[in-house]
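Right, one structure below, let's go through it.
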Amino acid sequence: MANEQFEPRIVGFLCRWCSYTGADLAGTSRMQYPANLAAIRVMCSGRVDPTFVVKALKDGADGVLIAGCHPGDCHYSEGNYKAMRRYPMLLNLLDQFGIECGRVRLEWISASEGERFAEVVTEFTEQLKALGPLNWQESISALCTGT
Amino acid sequence: MAKPKVAFYWCASCGGCEETIVDLAEDILKVVEAVDIVLWPVALDFKLKDVKAWKPGEVAVAFINGAVRLSEQEEWVKLLREKCSLVVAFGSCAHLGGIPGLANATTRDEIIANKYLRAPTVNNPEGTVPQEKSKVNGFELELPNFWKDVKALDEVIDVDYYLPGCPPPFETVATAVNAILENKLPPKGSVIAPEKALCETCPRNESKPDDLTITSFKRLATSTPDPEKCFLADGFLCMGPATRGGCGERCINGNMPCRGCFGPTPDVLDAGLKMLSAVASRGAADTEQASQDFADSLVDPLGTLYRFSLPVSMLRRRLVPTGDNQ
Amino acid sequence: MSKRITINPITRLEGHGKIEIFLDDAGDVERAFLQIPELRGFETFCLGRPAEEMARITPRICGVCPTAHHIASTKCLDDLWHVDPPPTAKKLRELVYSAFMCEDHFLHFYFLGGPDFVVGPTAPATERNILGVIAKVGLDIAGQVIAMRRKCRELIETMAGKVIHPVFGLPGGVSKGITEEQRLEFLKTAETAVEFAQFSLNLFNDVVLKNDDYVKLILDDAYAHRTNYMGLVDENNKVNFYDGHVRVVGPDGDEFARFAPRDYTDHFAEHVEPWSYVTFPYLKSKGWKGFVDGPDSGVVRAAPLARCNVADGMATPLAQAAYEKMYETLGGKPAHATLAFHWARLVEALYAAERMKELLEDPEITGTDIRTEPTRTPDEGIGIVEAPRGTLVHHYFTDDNGVLTKVNLIVATNFNAAPIAMSVEKAAKGMIKGGKVNDGLLNMVEMAFRAYDPCHACATHSLPGQMPLVARVYDSTGKTIKELRR
Ligand code: SF4
Ligand code: SF4
Ligand code: SF4
Ligand code: FES
């Protein structure tokens, strides 16, 4: 249930070459955006193994943002295409696990797009507020037999 | 010298693992010469109370097959753990949860409703469902209660070794039994099977190009695999790259792709996610739409990537609104 | 308060079958229950799976008869996708299936049910097992049984990938054919199987039929039930394991129904009891009348004798001769003697072996046209085969993409659940009187149970050791006053 007080916890895997710099820019330009995102700098969006995403959700995140360079601009040329191919497959899988696809988001944000970064975070935070907390750990233990 | 004592036990099992032991034990006289079987519920009459009377460590090894789903099973395996020096998880169900572990994608209530209320042939106007305790003309009868989820053996007790496979081929069983008898044991926690992926020993490996790309997954329902070609190269999902070798490429020899019953290669946190990552990166798609289409061509990722390992996956089971599964 | 005896024949707390016998004050059997405390939920956890995977998933229902589930599922997939497999594919499936029936029937006869007869129903428990059989018939024959099973199992493994949980069935055909070289090798297996089946029938003749006590036992009313029977028959009403129409005959032997698998829901319904996880199928038009036999009862038996009872004969010559001889001794058709299931099983093993041979002599068997790829939209499919233990139904519904939306499975032990419960109760009533219970009597109760070869009890006798059996008699406070073990 949507909760006014609920502040979603978001883990952001940001590519160091573009999106992370974009986030920095948003910060240094003092753009307004929610403080719900904990950013993790990665070498490339292609390095974000689906395992990282699932681990974040399992360990308490309500949502995960993966952000990389725009297609064609990847520092390692193909990395973001890998991310692009994995993403819908991961969402299909998470859906079968009962985790809404709105909880994981893939965005292309360049180093100069500070404003876009702020927008994405704002929008994603709102979306997660509407979805409510995931609370994976608690929900799952209620569904399993304790041992 | 006293013969080592060996115990067999089964939990939620299809009996296939027991059949392997039977196949193995067609050379039973050899086995009986070397070991002393002290527990085997399918074949020998020993009871819980006999097991309780054992001294801790008195029994050299317990082979346990089947997933764990009932509290009675929990009680038995905990007792066996206490009394046996080694515990071996035998077969995919004990090792990873196995196919019955797919039940973690649904709920107990759903299982009961589909079976006793909604099945097309059921005639049950009063909505009778089986009860743990019932009375028929004054006679009291009991049925076991089921856990809400299915567990692999090591979620319930400490496990020393794993024998993978659904069921394990009897050659690997023989290897394990010999290793135990000769005291040539690998480090605790080992899966007694090769470390390398199935692909490495697969007879079709040569037809798997290094720069393999997949445009879209084919369905076995409507396409027929080439009898020689690597399944992935042919467009069929095959779990070979993420699955431990050692099964003798049994399904491949039947011209069908691997479904991963041997479980993941060592050091893999989550078999399904690893496979997803591996095949998705091989996709030929280079637009968002094409990526979506490619993903959609893999129907049922959960049931395919976790065919044998849902209970031990990172996410363990499907989340459902609380209250649905009581 | 009644006394209670618990027989837990598989020594499993959770078990796959548990017999509860309640005695009245006089110590006679008042009521006996056979409970199946098992539920795994395949009907539910298969939903959302692509239907073609069912042929690989459902064998895990039972590791003792995985081939039956594999083939029933594969046939269900043909129907689901509205596709007719090429003749070679059908023959390859039937070949694998015949090898399986043959191997499984031998296993049952020699290792499971056989010891009761070969060694004797009241022989000491320590001898009433495969070791006792070996002592009686000689080690040489035991070796032959093992070798025979191994050969049949090798055939299945070569053709279907795995013997426990085969993989080769696809909608519209199979994934793999056989070579001429394999055909010749398998033909040898089939020929040996025919000889071995004949030998087994002779053994049955010498050891059982020549012993008046055994014949009396078979024909004893304690083991008889006048029920309906069901089974698949071919177009000539001969027994068929792989394909055909379902035929049902009443207790008088008259045809009650004959229908295509597609129409099974018009003829069968399932009853639910609160004390068992198994459902009890019955003939819809007769209705559920409880655990009773007779002309009005809807209870219907499946498995070897039932198949012989519904058919007009066997489709192969040697099996036909054995079939005729069996009914001559049993006093005509239908035979209601539960223990004659063992005999019918051997007649069927001979048919399966002969059928293997026929199929392997058919030039089409090495054909390369082994699949018709489906092109039509899937919606609903039904597949029926005869498993060693009786009729097996797989019924799937899917969306347009062939993803499962509903699944119904009726397994052989389902059909036989009510009859087994009745047989056990009747045998108990006949054998336990005035509170007098001894090992031999208990075994006879269990023999009734074993005649049906319910799944999961299968591996039970296959090794040295004893059929685990415990009987406890409690007083009214629940204290054990007597305990019997063997
Ligand atoms: S691992 Fe396979 S063969 Fe063994 S019990 Fe489980 S389903 Fe049966
Ligand atoms: S992907 Fe499958 S078919 Fe290809 S090499 Fe690996 S195991 Fe063999
Ligand atoms: S090919 Fe794969 S699924 Fe088949 S037996 Fe080997 S490991 Fe198991
Ligand atoms: S370097 Fe930024 S996405 Fe690859």
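The values are calculated or read from the model by the stated rules, or taken from the named source; none is laboratory data. A quick note: this is a predicted structure, and the numbers were derived from the prediction, not measured. Cβ placement follows ideal geometry from the backbone for every residue including glycine, while neighbour counts extend to all protein chains displayed. Side chains included, ligands, DNA and RNA excluded: accessible areas come from the protein's heavy atoms. Shrake-Rupley method; radii C 1.70, N 1.55, O 1.52, S 1.80 Å.
A few notes on this one:
- DSSP beta bridges in region C:39-427 [antiparallel fraction, %, rounded to 5]: 90
- Exposed trypsin sites (Lys or Arg not before Pro) absent - longest run of chain B, DSSP non-H/G/I/E/B, at most 10 other C-beta within 10 Å: B:1-183
- For chain B, the Rg and Dmax computed from alpha carbons only, in angstrom: 22.1, 71
- If you sort C:Thr329, C:Thr368 by accessible surface, 1.4 Å probe, largest first, the order is C:Thr368, C:Thr329.
- Filter on C:Lys238/C:Lys406; C:Lys90/C:Lys238; C:Lys90/C:Lys406; B:Lys148/C:Lys162 - keep pairs with C-alpha separation over 22 Å: C:Lys238/C:Lys406; C:Lys90/C:Lys406; B:Lys148/C:Lys162
- Cα gyration tensor shape of chain A, rounded if a/c is under 1.5, else prolate or oblate by comparing a/b with b/c: oblate
- Helix-derived mean residue ellipticity, 222 nm - over the protein assembly as shown, DSSP H n ≥ 4, -39500 (n - 2.57), to 500: -11000 deg cm²/dmol
- Net charge of neighbours whose Cβ lies under 11 Å from the Cβ of B:Glu195, counting Lys and Arg as +1 and Asp and Glu as -1: 0
- Centre separation in Å (Cα based) which lies between region A:88-127 and region B:129-187: 41
- Under 15 Å of direct C-alpha separation, and excluding same-chain neighbours fewer than eight residues apart, C:Lys136 reaches these aspartates and glutamates: C:Asp116, C:Glu127, C:Asp206.
- Note on B:Lys3: lysines with a C-alpha under 19 Å away, same-chain residues under 8 apart excluded, are B:Lys30, B:Lys55, B:Lys83, B:Lys184.
- Accessible carbon and sulfur surface of region B:108-147 relative to its total accessible area, %, 1.4 Å: 40
- A Förster distance of 35 Å, applied to the separation of the beta-carbon atoms of A:Gln5 and A:Glu100, puts the FRET efficiency at 0.95.
- Proximity of backbone amide H atoms, modeled 1.01 Å from N, is registered between B:Val59 and B:Ser85 at under 5 Å, excluding neighbours fewer than 5 places apart on the same chain.
- Ordered by solvent-accessible area of protein heavy atoms (1.4 Å probe), largest first, the residues B:Leu276, C:Leu330 come out as C:Leu330, B:Leu276.
- Rolling a 1.4 Å probe over the protein chains gives C:Arg226 an accessible area of about 130 Å².
- Model label zone, C:Asp254; criterion: amide N under 15 Å from point 7 Å along Cα-to-beta-carbon; scope region C:280-306: C:286, C:295-297
- Entries in B:Lys229/C:Lys75; C:Lys75/C:Lys325; C:Lys210/C:Lys333 that, when Cα-Cα distance is taken, lie over 23 Å: B:Lys229/C:Lys75; C:Lys75/C:Lys325
- For C:Pro85, the shell of other residues with beta-carbons less than 10 Å away shows a net charge of +2, using +1 for Lys and Arg and -1 for Asp and Glu.
- Membrane-span-like helices of chain B, defined as complete DSSP H segments with a Cα extent of 15 Å or more along the helix axis and a mean Kyte hydropathy of at least 1.0, are identified as B:170-181, B:271-281.
- Cα gyration tensor shape of the protein assembly as shown, rounded if a/c is under 1.5, else prolate or oblate by comparing a/b with b/c: prolate
- Compactness of region B:194-316 as Cα Rg over 2.2 N^0.38 Å, two decimals: 1.01
- Each Lys or Arg adds one and each Asp or Glu takes one away; over the other residues whose Cβ falls under 13 Å from the Cβ of B:Arg118, this sums to -2.
- Hits among aspartates and glutamates - C-alpha to C-alpha of B:Lys196 under 19 Å, sequence gap 8 or more where chains match: B:Glu171, B:Glu206, B:Asp210, B:Glu249, B:Asp267, B:Asp270
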